[in-house]
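Below: the structure, in structure tokens.
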Amino acid sequence: MKPIIVLTTRYLSEQTILLNAAYTTAIIEAGGLPILVPIGVDSDIEQVLSLADGVLLTGGVDVDPAYFGEAQHPKLGEVVPGRDALEIALVKATMSKGMPLFGICRGHQVLNVALGGSLYQDIDSQIDREDLLLHAQKEARVEATHFVDIVPDSQLARIVESDRIAVNSFHHQSVKDVAPVLQVIAQSSDDVIEALVHEDLPFCLSVQWHPEEQACAGDIIARKLFKGFVDACEGYKSIAARS
Ligand code: MN
């Protein structure tokens, strides 16, 4: 039996559920069995997690800044309130079980906000530095456009077996204040926080880039990241089966 990974989903105006197939393909290729959850199941999160061995928070639109105590910046993009509420509750429930959690792009931001951190609502208007990189790339989704430097010997460095990797970048928000329980494990040259980890848990990790696109294009490093996550879900599954 493969480990079952719950993936959160995107919305078009709260009417159409969407998810780039790269997420599910990357999970399948790493040995996991993906299942998708819609918004609106907030009261049944425990039952959802009883079926799962891991949770992947996928990419999407902006997080409502009300969750970190700020008014909406003029450059804030679309928000989907039902998705924010579900994913923040999922983070807390998943972590309380010690179940593996992987956040990608918006998922990276949701993890930080759920645990008490904050975000830059719009990088270009809120980070004032001349060496700021273009984080909203125009290149194809599989193209890497900036590097991230990974903290040596961190969990991420061990999984990808590198301290510096090339990533794609499709975000206009980024982590500002880091949640107290999380540690920064990767940054780009402009100090944008590109990966976070909760070191006390077997696998609670998030990245600002989109490794699912790179993994599906055959990128070895992105595939190691998905393998690391699915292996952790397999480990959780075997422990849960014994208890
Ligand atoms: Mn970036």
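Throughout, read-outs are computed from the coordinates displayed, never taken from laboratory work. The structure displayed is predicted, hence computed values, not measured ones. In this analysis, Cβ positions are derived from the backbone assuming ideal geometry, glycine residues included, and neighbour counts consider all displayed protein chains.
Only residues that are buried (at least 21 other Cβ atoms within 10 Å of the Cβ) and over 29 Å from residue 217 (Cβ atoms) were counted in segment 118-164, giving 1. So how many residues does segment 1-47 have that are in a helix (DSSP H, G or I), surrounded by fewer than 16 Cβ atoms within 10 Å (Cβ to Cβ) and small (Gly, Ala, Ser)? Count: 2. Against the test of being on the phi < 0 side of the Ramachandran plot and within 14 Å of the ligand (Cβ to nearest atom), the options 114, 144, 140 yield a single qualifying residue, 144.
Against the test of being more than 24 Å from residue 91 (Cβ to Cβ), over 15 Å from the mean Cα position of the chain (by Cα) and in a strand (DSSP E or B), the options 165, 221 yield a single qualifying residue, 165.
Mind telling me which of the residues 216, 204 ends up being under 10 Å from the mean Cα position of the chain (by Cα) and either away from the ligand (no atom under 13 Å from the Cβ) or β-branched (Val, Ile, Thr) (or both)? 204 is the lone residue from the list that is under 10 Å from the mean Cα position of the chain (by Cα) and either away from the ligand (no atom under 13 Å from the Cβ) or β-branched (Val, Ile, Thr) (or both). Return a yes/no flag: does segment 73-88 have any residue that is β-branched (Val, Ile, Thr), in contact (Cβ under 8 Å) with a residue 12 or more places away in the chain and over 29 Å from residue 177 (Cβ atoms). No: segment 73-88 contains no residue that is β-branched (Val, Ile, Thr), in contact (Cβ under 8 Å) with a residue 12 or more places away in the chain and over 29 Å from residue 177 (Cβ atoms).
Where in segment 54-157 are there strands (runs of 3 or more DSSP E), lying fully within it, with 1 or more residues that are over 20 Å from residue 197 (Cα atoms) and out of contact with any Pro (no Cβ under 9 Å at 6 or more places or on another chain)?
Hits in segment 54-157: 146-150.
Inside segment 173-199, can you point out the residues that are in contact with a His (Cβ under 8 Å, 6 or more places away or on another chain), in a loop (DSSP other than H, G, I, E, B) and either near the ligand (Cβ under 10 Å from one of its atoms) or of a type in the set (Phe, Trp, Tyr) (or both)? The answer is 188, 192. Among residues of segment 207-223 that are buried (at least 23 other Cβ atoms within 10 Å of the Cβ), those with a beta-carbon under 8 Å from a residue that is in a loop (DSSP other than H, G, I, E, B) and of a type in the set (S, T, N, Q) at least six positions away or on a different chain give the pairs 208/169; 209/168; 209/169; 210/168; 212/20; 213/20; 213/168; 214/168.
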